[in-house]
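Novice: Below is a structure I'd like to ask you about.
The values are calculated or read from the model by the stated rules, or taken from the named source; none is laboratory data. Not measured: the values here are computed from a predicted model. Here the Cβ positions follow ideal geometry from the backbone for every residue, glycine too, while neighbour counts run over all protein chains shown. Only protein heavy atoms, including side chains, enter the accessible area calculation; ligands, DNA and RNA are left aside. Shrake-Rupley method; radii C 1.70, N 1.55, O 1.52, S 1.80 Å.
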Amino acid sequence: MSVKRALLRSILLALPMVISRAARKDRSVRTLLGARDAVLQIRLRDGSTARHYVFQAGRVRGVAGAHPAPDGEMVFKNVDVALGMLNPKPNYAVLIDAAKNFKVCAIGDPAVVWFGQLMNAVGHAGWSYGIALPDGARRYTNLTNGGPIHVDVKDGRVVRTQPIALQPEDAASWEITARGRRFRPQRKSLVSPHALALKSMVYSDKRLLYPMKRVDFDPNGERNTHNRGKSGYVRISWDEALDLVSGELRRMKTQHGLGSVAVFHPAHHQWGNINYWLSALFRFSNLIGATKMGFSPVSWEGWYWGAMHHYGNNLRLGTPGFYGTLEDCLQHAEMIVFWSSDPESTNGLYAGFEATQRRLWAKELGIEFVHIDPHFNKTAQLLGGKWIPVRPGTDPALAQAIMYQWVIDGQYDRDYIERCTAGFDEWRDHLLGVDDGVPKTPEWQEAHTGIPAKDVRSLARRWGGRKVYLGAGGLGAGFGGACRSATGDQWARCMVQLMAMQGWGKPGVNFGNLQFGTPMDLNFYFPGYADGGISGDVINTASSFHNFNRMPHVVTMNPCKQVLPRQHFPEAIIDGRCSGQPWDGTSLEGQFPRYEYPLAGHSRVHMLYRYGGSSLGTIAHSARFIEAYRHPSLEFVVNQSIWMENEVQFADVILPACTSLERWDIAEAANCAGYMVHNQNQMNHRMVVMQHKCIEPLGESKSDYQIFLDLLTRLGMGAMFSEGGCDELTWCKRIFDSSDLVGRISWKEFLRKGYYVVPPDPPEEKMSVEMRWFAEGRSKDTPEPNPLPAQYPGDYGRDLPTQSGRFEFVPNTLRRMEAVDPSRPAVNRYIASWEGVGSPQFTRYPLQLLTSHPAYTFHTYGDGKNSALNDLPDHRLRVDGRDWWVLRISPDESARRGLIQHDLVRVFNDRAAVICAVDVSPMVGNGVVKAFESCAVFEQVSTPTGMVDLGGCLNLLTPSRTMTPTADGIAPNACLVQVEKWDRVVLTEA
Amino acid sequence: MSNSSKTWTLWVDTTLCCNCGNCVMSVKDEYVGNTFPGVSAPQPDRGAQWFRVDRHVRGGGSQLDVTYVPRTCQHCASAPCVAAGRGAVRQRDDGIVVIDPVAARGRRDLVEACPYGAIEWNDALQLPQHWPFDAHLLDAGMAEPRCVNACPTGALRAERLDAATRERRASEEGYSPLQPQANTKPRVLYKGIDRLKTVFVAGNVSARRGEGIVENLEGAEVVLRLGGGTDPVRTRTDVWGDFRLDGLSAIGQPYSLEVVHPVEGGLSQAGQLDDCAVLSFQF
């Protein structure tokens, strides 16, 4: 007998002993061991070696020889394959090769998956995690949409969550010197309020604790789709729920064919690289074959559909880069213009208050501030400076008047324009009115924007020729606000045109509001969520760039090429057809070809697998979703959600998921990757965090991963999905092993302590400043998101990836498209909003409604759910025992309507009506009402004036119209409404 | 000096508060659902305001400022609740006032005893409650209360200081009690709250330049005279043609404001200082 064969036999012989020993040591092994009675067999294909194991009543024994009918069986091609796969520290490249190429066959899905998970648990037995506290509690770590936290747990209950204070042994912080001062960041995670309200969300009375079925839904009889959102629910078992959902998935395939199942996910979720929609959900949806939702870059619309065409950065959604800008701004800038930029409300993106301290440094250094925003926002409140309350959606007119004044005063960078740009003469002639007879003077803009011409002249003169940073959008380099309106593309285009006229990239002249650009080590690899996690999806995530090279795992591919544009979901369901423009950042032109739903030869959607519920609060003109949800063509709706909220109440079956404190995951703070490459550059310290499973899932809820695994196991794809039964902790280890953490911190220490701080680069290796290379005529020396050399007209990394290689004041790409879409012309003409002051609806709906990204929640994450955040009066106002959405209104507008502070009002237009409580203050001007988007609560009731939503979903009112016919972006900030005092009469249904 | 004579001080710099809500969330997270024997019984799940942030807005037009004022138990050295408590409220050696969650049961009168409105009635537990400065966490070795730990801007800072140092530092750095008239020697001290009691006169100065062109006027001298014969206060307009004279406590008095420019000449307006005034002048 060969040595290898003897080794295999001894492994097979020892297996029961290894399992039993682990079971004595570890509760999760005991639990799994007791969960199933089964016969598992391991053998070689030629039958020369075979052993089977009888699992019964929590015990296991091995039996020599083959069993005639095992519940599950692993059949290896030969001894080498068997030894490779049974290695306790397997090489996953070998393992996956064996599985993909049928060198091993796993037969009997439920038993094999269970056995795999059992062996995973055996492998983890004795692993210790978290730190013991003196009072008997244990301190774990986790990561949220609002930053890294410590989680103290005692007796299986979360006691508290708090920011992580860095220890002396953690990496040192960076230091910046500017104007004779030295600046160092605080050594703790500066989190968002929603990160500190997590406990209240975990224990919320809105938690879904067991699977449920709508009372009048009968999969074998009357489905009563018209009652979705009206009728109640009855508790069912997991077995019934999984049978029902997997049965419907099978029925869709056999009855309707490819395309009939749509998987619909929110843009945001509980943090993590495993349980994220770009990870476990995509792996699941690829394996079942589903119609995917086509997203647009909803928080960056104008940059993608507009600004990008002038200069590239298509792999950054058309937003500017930000490298090295913190030091450059603090050292050189004389002024920062915040334009539709309120980072103190939006926390940048996932970055908590990491950057607030840096803006206060700028204040200490005497850098001047200007805030262009219809709202005297939190950032303006904190920093002070000149407030310019522009009328919503008219910002491009203001920008053009500034540029006009620069031309008149000669205050623009002629040398830069000559060397680095193209098309300026045509643009200048447009500003001067040579082409259309209308000079874009400060007086011209006043009629549109409401900003006195004299203030525009002052601004232009304070800006032109000086070192000025432009903080455009919440991140300072894009995001939110004015880019999400009917003129969003024009505005974002103006932002880059302004900077190109002032020598973008020269010292002190750049994009930013100090939200980005800390001197961190960005070459240390750890995956962000868009790197695709465990999805194996190399098409629809950024997996192929890094993750797929680093972590061997099985590729998954969606066989269904039908895509449903998310914003047009209601038309797709109700009318049966719609079309959209793609989000494709691989080229400037990727967005131009229109796609149709349904795709030729594919089934329409008849089943919706909805992951979470946020549409009514986040999608423009979401009132359309109600009819779509009740449409009979939508035969089955399942929702996998943590809480009963928003559109979850429209599902036929609800599968309860758990929060990030109740399952394993691993991730880095603020690391998005993909189109938001180096988003973590907002943080002061790069922090990779072990997302400990702090408590057991509440009730019968399960992790998203486990729900997908359970469903796919019923469909015979469990072993494929889990790669032989990998549990989430094993995936965490695989991700750890794929990253640069290896060699920096041991897995054991990482698991115990829960985080690792990546040391910053040494000062002598500091990152170059964004666009400095371009201003100085050198090759690019700041990071390119993912190399696509074909984009460059000349040598790779020389010039910009536009047709001319220069900054194009009049883009070639749009010139080719303007005949098709005259409302997105090559010359960035000011075209007034199709829903604004002066548009036809204005006489009946004279108030412009702004719904910006929320200050206290992350989209719907944190709102409703009876979370503690609802106690913040700037988030929701408590009136008569209910927490109402807040509408900010001026004293004049409120007096005109007979309103006093905290009155309940009906906010309405032709699309819907929503009840809010008013906050009356001069912080918004006349003609404007300001609130947030992303309400999680939807509760529609009947009143004498029609249906109203008591929850606060103001997106019921916003237009579904796209920015332009070919710029398929949302425009929720182009919304006219009327506001009146609400009489509180609610009709009870007869 | 030994630590025993040092008492906890909470410094509240309202000029750094942007109402992020982290302090409020931290206090809710700490006390909802948790019992800390001798320090606190659980806070009601929703609605309690042991720690809250008030807002004060001044001005109008484009000349505004907003002050956020974190409000909570002031841990007074002469605490009326301790006096009224008859043993149900005690002051620890470190200055922290603790309402005994057992002995204070049923003592609704204590809610009225606090001049700051910082004691709330928990109806379900029949208990007066307040923010006990996270005494249990400090006792366990935590360096500062959670609201301070969660504050991203340094608007909240906590230190143990002896009375003399506290007074000296308060006077040097411009901190004062929120309600001095209450005379309770609070150990929560505030900076920037002069905005709550004072008003400003602000405005814009511009000049016609012909053909319908108006320009903001930089460098014009602005002179404000208040009733009561006090000395005039002066400033100059900035690049935006704007000016602001702040810190005025002569509320209700008449004022006159004069704008003088070497080329344009002079203009004036008068009125009564009932609230912040935002004026506009055009030559």
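Novice: Of (1) open to solvent by 10 Å² or more (accessible area, probe 1.4 Å); (2) farther than 28 Å from A:Gln581 by Cα; (3) under 24 Å from the mean Cα position of the chain (by Cα), A:Arg961 satisfies all except one. Which?
Specialist: Every listed condition holds for A:Arg961 apart from (2).
Novice: Let me ask something else about it. Somewhere in segment A:883-891, is a residue open to solvent by less than 10 Å² (accessible area, probe 1.4 Å), touching a helix residue (DSSP H, G or I) at 6+ places or on another chain (Cβ under 6 Å) and more than 13 Å from chain B (Cβ to nearest Cβ)?
Specialist: No, segment A:883-891 contains no residue that is open to solvent by less than 10 Å² (accessible area, probe 1.4 Å), touching a helix residue (DSSP H, G or I) at 6+ places or on another chain (Cβ under 6 Å) and more than 13 Å from chain B (Cβ to nearest Cβ).
Novice: Quick one: which strands (runs of 3 or more DSSP E) sit completely within segment A:298-408 and have at least 3 residues that are aliphatic (A, V, I, L, M) and more than 11 Å from chain B (Cβ to nearest Cβ)?
Specialist: Fully inside segment A:298-408 and qualifying: nothing.
Condition check ((1) buried (at least 20 other Cβ atoms within 10 Å of the Cβ); (2) β-branched (Val, Ile, Thr); (3) in a loop (DSSP other than H, G, I, E, B); (4) within 43 Å of the chain's Cα centre (by Cα)) across all residues:
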| position | (1), (2), (3), (4) |
| --- | --- |
| A:Lys4 | no, no, no, no |
| A:Leu12 | yes, no, no, no |
| A:Pro16 | no, no, no, no |
| A:Leu33 | yes, no, no, yes |
| A:Arg43 | yes, no, no, no |
| A:Arg51 | yes, no, no, no |
| A:His67 | no, no, yes, no |
| A:Pro70 | yes, no, yes, no |
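Novice: Looking only at strands (runs of 3 or more DSSP E) that fall completely inside segment B:1-86, which ones have 3 or more residues that are under 17 Å from B:Val98 (Cβ atoms)?
Specialist: B:7-13
Novice: So B:Glu218 fits all but one of (1) touching a Gly at 6+ places or on another chain (Cβ under 9 Å); (2) open to solvent by 10 Å² or more (accessible area, probe 1.4 Å); (3) within 18 Å of B:Gln269 (Cα to Cα); what number is the exception?
Specialist: Condition not satisfied by B:Glu218: (3).
Novice: List pairs: first residue in segment A:738-759 and farther than 19 Å from A:Asn684 by Cβ, second residue open to solvent by 50 Å² or more (accessible area, probe 1.4 Å) and in a loop (DSSP other than H, G, I, E, B) anywhere in the structure, Cβ distance under 7 angstrom, at least six positions apart or on different chains.
Specialist: Between residues of segment A:738-759 that are farther than 19 Å from A:Asn684 by Cβ and residues that are open to solvent by 50 Å² or more (accessible area, probe 1.4 Å) and in a loop (DSSP other than H, G, I, E, B), the close pairs are A:Leu751/A:Trp127; A:Leu751/A:Tyr129; A:Arg752/A:Ser128; A:Arg752/A:Tyr129.
Novice: Looking only at segment B:55-84, how many residues end up being free of Cβ contacts under 8 Å to residues at least 24 places away in the same chain and β-branched (Val, Ile, Thr)?
Specialist: 3
Novice: Quick check on A:Val920: is it over 28 Å from A:Trp387 (Cα atoms) and either among the β-branched types (Val, Ile, Thr) or within 14 Å of chain B (Cβ to nearest Cβ) (or both)?
Specialist: Against the criterion (over 28 Å from A:Trp387 (Cα atoms) and either among the β-branched types (Val, Ile, Thr) or within 14 Å of chain B (Cβ to nearest Cβ) (or both)), A:Val920 does not qualify.
Novice: Then there's this: Taking into account only those residues within segment B:131-172 that are touching an Asp or Glu at 6+ places or on another chain (Cβ under 7 Å) and away from every other protein chain (no Cβ under 13 Å), which is nearest to B:Thr15 (Cα to Cα)?
Specialist: B:Ala158
Novice: Name, by its number, the condition in (1) open to solvent by less than 30 Å² (accessible area, probe 1.4 Å); (2) under 26 Å from A:Arg179 (Cβ atoms) that does not hold for A:Arg466.
Specialist: (1)
Novice: In this structure, does A:Glu770 turn out to be of a type outside the set (A, V, I, L, M), touching a residue at least 60 places away in the same chain (Cβ under 8 Å) and closer than 17 Å to A:Asp328 by Cα?
Specialist: Here the answer is yes, as A:Glu770 does meet what is asked.
Novice: Report yes if some residue within segment A:208-229 is in contact with an Asp or Glu (Cβ under 9 Å, 6 or more places away or on another chain), more than 14 Å from chain B (Cβ to nearest Cβ), surrounded by 21 or more Cβ atoms within 10 Å (Cβ to Cβ) and part of a helix (DSSP H, G or I); otherwise report no.
Specialist: no
Novice: Please work out if A:Asp781 is assigned to a loop (DSSP other than H, G, I, E, B) and touching a helix residue (DSSP H, G or I) at 6+ places or on another chain (Cβ under 9 Å).
Specialist: yes
Novice: Applying the selection to segment A:744-801, what residues are in contact with a Gly (Cβ under 9 Å, 6 or more places away or on another chain), open to solvent by less than 70 Å² (accessible area, probe 1.4 Å) and of a type in the set (Asp, Glu)?
Specialist: Residues satisfying the conditions are A:Glu770, A:Asp781, A:Glu784.
Novice: Let me ask something else. Is it true that some residue in segment B:29-38 is more than 21 Å from the chain's Cα centre (by Cα), more than 7 Å from chain A (Cβ to nearest Cβ) and closer than 30 Å to A:Asp373 by Cα?
Specialist: Checking segment B:29-38: not a single residue is more than 21 Å from the chain's Cα centre (by Cα), more than 7 Å from chain A (Cβ to nearest Cβ) and closer than 30 Å to A:Asp373 by Cα.
Novice: Please indicate, with yes or no, whether at least one residue in segment A:744-762 is assigned to a loop (DSSP other than H, G, I, E, B) and either under 30 Å from A:Met212 (Cβ atoms) or touching a Pro at 6+ places or on another chain (Cβ under 6 Å) (or both).
Specialist: Taking every residue of segment A:744-762 in turn, at least one turns out to be assigned to a loop (DSSP other than H, G, I, E, B) and either under 30 Å from A:Met212 (Cβ atoms) or touching a Pro at 6+ places or on another chain (Cβ under 6 Å) (or both).
Novice: Could you identify the single residue in B:Gly212, B:Gly192, B:Gly227 that is at pLDDT below 95, within 14 Å of another protein chain (Cβ to nearest Cβ) and out of contact with any Leu (no Cβ under 7 Å at 6 or more places or on another chain)?
Specialist: Going through B:Gly212, B:Gly192, B:Gly227 in turn, just one is at pLDDT below 95, within 14 Å of another protein chain (Cβ to nearest Cβ) and out of contact with any Leu (no Cβ under 7 Å at 6 or more places or on another chain): B:Gly212.
Novice: Quickly run through segment A:500-521 and pick out the residues that are closer than 23 Å to A:Leu383 by Cα and within 29 Å of the chain's Cα centre (by Cα).
Specialist: Answer for segment A:500-521, where residues must be closer than 23 Å to A:Leu383 by Cα and within 29 Å of the chain's Cα centre (by Cα): A:Asn510, A:Phe511, A:Gly512, A:Asn513, A:Leu514, A:Gln515, A:Phe516, A:Gly517, A:Thr518.
Novice: Pairs needed: first member in segment A:927-951, among the polar types (S, T, N, Q); second member anywhere, not in a strand (DSSP E or B); C-beta distance under 6 Å; at least 6 residues apart or different chains.
Specialist: A:Ser934/A:Gly617; A:Ser934/A:Thr618; A:Ser934/A:Pro854; A:Ser934/A:His859; A:Ser934/A:Thr860; A:Thr943/A:Val985; A:Thr943/A:Val986
Novice: Kindly check whether there is at least one residue in segment A:105-128 that is within 13 Å of another protein chain (Cβ to nearest Cβ) and open to solvent by less than 10 Å² (accessible area, probe 1.4 Å).
Specialist: Within segment A:105-128 (the criterion being within 13 Å of another protein chain (Cβ to nearest Cβ) and open to solvent by less than 10 Å² (accessible area, probe 1.4 Å)), the answer is no, since none of the residues qualifies.
Novice: For segment B:1-23, what are the residues that are within 30 Å of B:Arg195 (Cα to Cα) and without any contact (Cβ under 8 Å) to a residue 60 or more places away in the chain?
Specialist: Of everything in segment B:1-23, those that are within 30 Å of B:Arg195 (Cα to Cα) and without any contact (Cβ under 8 Å) to a residue 60 or more places away in the chain turn out to be B:Asn19, B:Gly21.
Novice: Scan segment B:234-251 for residues that are under 21 Å from B:Ile193 (Cα atoms) and within 14 Å of chain A (Cβ to nearest Cβ) and jot them down.
Specialist: Those that are under 21 Å from B:Ile193 (Cα atoms) and within 14 Å of chain A (Cβ to nearest Cβ): B:Arg244, B:Asp246.
Novice: Conditions: (1) out of contact with any Phe, Trp or Tyr (no Cβ under 6 Å at 6 or more places or on another chain); (2) at negative phi. A:Ala673 meets all but one. Number of the miss?
Specialist: If we test A:Ala673 against (1) out of contact with any Phe, Trp or Tyr (no Cβ under 6 Å at 6 or more places or on another chain); (2) at negative phi, just (2) comes out false.
Novice: Taking the criterion of being without any contact (Cβ under 8 Å) to a residue 24 or more places away in the chain and farther than 26 Å from A:Arg550 by Cα, would at least one residue in segment A:74-85 satisfy it?
Specialist: no
Novice: Can you tell me which of B:Arg46, B:Arg71, B:Arg55 is within 24 Å of the chain's Cα centre (by Cα), closer than 29 Å to A:Leu198 by Cβ, within 12 Å of chain A (Cβ to nearest Cβ) and open to solvent by 40 Å² or more (accessible area, probe 1.4 Å)?
Specialist: Exactly one of B:Arg46, B:Arg71, B:Arg55 is within 24 Å of the chain's Cα centre (by Cα), closer than 29 Å to A:Leu198 by Cβ, within 12 Å of chain A (Cβ to nearest Cβ) and open to solvent by 40 Å² or more (accessible area, probe 1.4 Å), namely B:Arg55.
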